[in-house]
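Peer 1: I have a structure I would like to understand better, so I am pasting it below and will then ask my questions one at a time.
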Amino acid sequence: MVESRKAMQTIQHSHAPFEDFVSRPRWKSLLVIAFLLGVQAVEAQRHGGGPPGPDSHGSKSAPVGTGPAVSEFERALAIQATPDQQTFFDMLSQSISSSDQRIHDFIKISGGDSQPADYRLQVIGLRDLLEKTVDNSEIFLGSFSSLQKARLKAPAKKLSKAGVELSRLIAILEPESEHPALDHEHLVRLGEDLEKTLTALRSEQLHLGKLMGIPEETP
């Protein structure tokens, strides 16, 4: 019995330092600190491995397509054409195609020796189609959002410039529709300039369409 009692006293004595340590205020403080560090680690992982930033406290996120870390996919997505813009694009394509055919006819007539009976009407028809092409180009460009205008500023400016040049040539064609002179050399040169400008406008339109995700037309 005496030996058993001594053994129990020894066991109790061996646990006393641990119990004293746990009961100390410093140990409790360490437990609190460890808990707070664990919470901070979870927060850091939630916000991409770094300390919580301003966006984690309810601030609004940046619009798609903006900000310093925008991916190429997000940039492309931000300037995608809307259904209305797709319609305006198609309208422009149709007017360009019709104008192109009329220009070829105009060049052919201008190089001939005689003036067709409906020459004046053909010139008026060409003028009207070209004016419609300019109008459709302006409608398409006018449909751009602020972000599209910013992202597509350079190619949009080229399309607009081609439209301005086409309008200048239409002004030269206008007198011919009212008082046909049939100056062959002058008219052939005018037809070639119209064809060249229309081709440039078409090229800039297709480039913009590609940037905006508008599918290419099938032949």
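Throughout, read-outs are computed from the coordinates displayed, never taken from laboratory work. Since this is a predicted model, take the numbers as computed values, not measurements.
Peer 1: In whole Hz, what ³J(HN,Hα) sequence does region 188-205 give by Karplus (6.51, -1.76, 1.60; θ = phi - 60°), x for Gly and Pro?
Peer 2: Along region 188-205, the couplings run 5, 5, 5, x, 5, 5, 5, 5, 5, 5, 5, 5, 5, 4, 5, 4, 5, 5 Hz.
Peer 1: Which ³J(HN,Hα) values, rounded to whole Hz and listed in residue order, are derived for region 97-108 from phi using the Karplus coefficients 6.51, -1.76 and 1.60 in 6.51 cos²θ - 1.76 cosθ + 1.60 with θ = phi - 60°, glycine and proline given as x?
Peer 2: Karplus-based 3J(HN,Hα) across region 97-108 equals 4, 5, 5, 4, 5, 5, 5, 4, 5, 5, 5, 5 Hz.
Peer 1: I would also like to ask the following. Rounded, prolate or oblate: which fits region 73-190 when a ≥ b ≥ c are the square roots of the eigenvalues of the alpha-carbon gyration tensor, with rounded for a/c under 1.5 and prolate only if a/b beats b/c?
Peer 2: In terms of gyration-tensor shape, prolate.
Peer 1: Let me ask you something else. Can you list the HN-Hα couplings for region 76-84, worked out from phi with the Karplus curve (6.51, -1.76, 1.60; θ = phi - 60°), rounded to whole Hz and with x for Gly and Pro?
Peer 2: Calculated HN-Hα couplings, in order: 5, 5, 5, 10, 4, 5, 7, x, 5 Hz.
Peer 1: How high is the relative contact order of region 84-219, given as a whole-number percent (alpha carbon pairs under 8 Å, six or more residues apart)?
Peer 2: Relative contact order comes out at 36 percent.
Peer 1: Which whole-number percentage describes the relative contact order of region 142-219, with Cα contacts under 8 Å and a sequence gap of 6 or more?
Peer 2: Taking the mean separation of contacting Cα pairs over the length of region 142-219, I get 41 percent.
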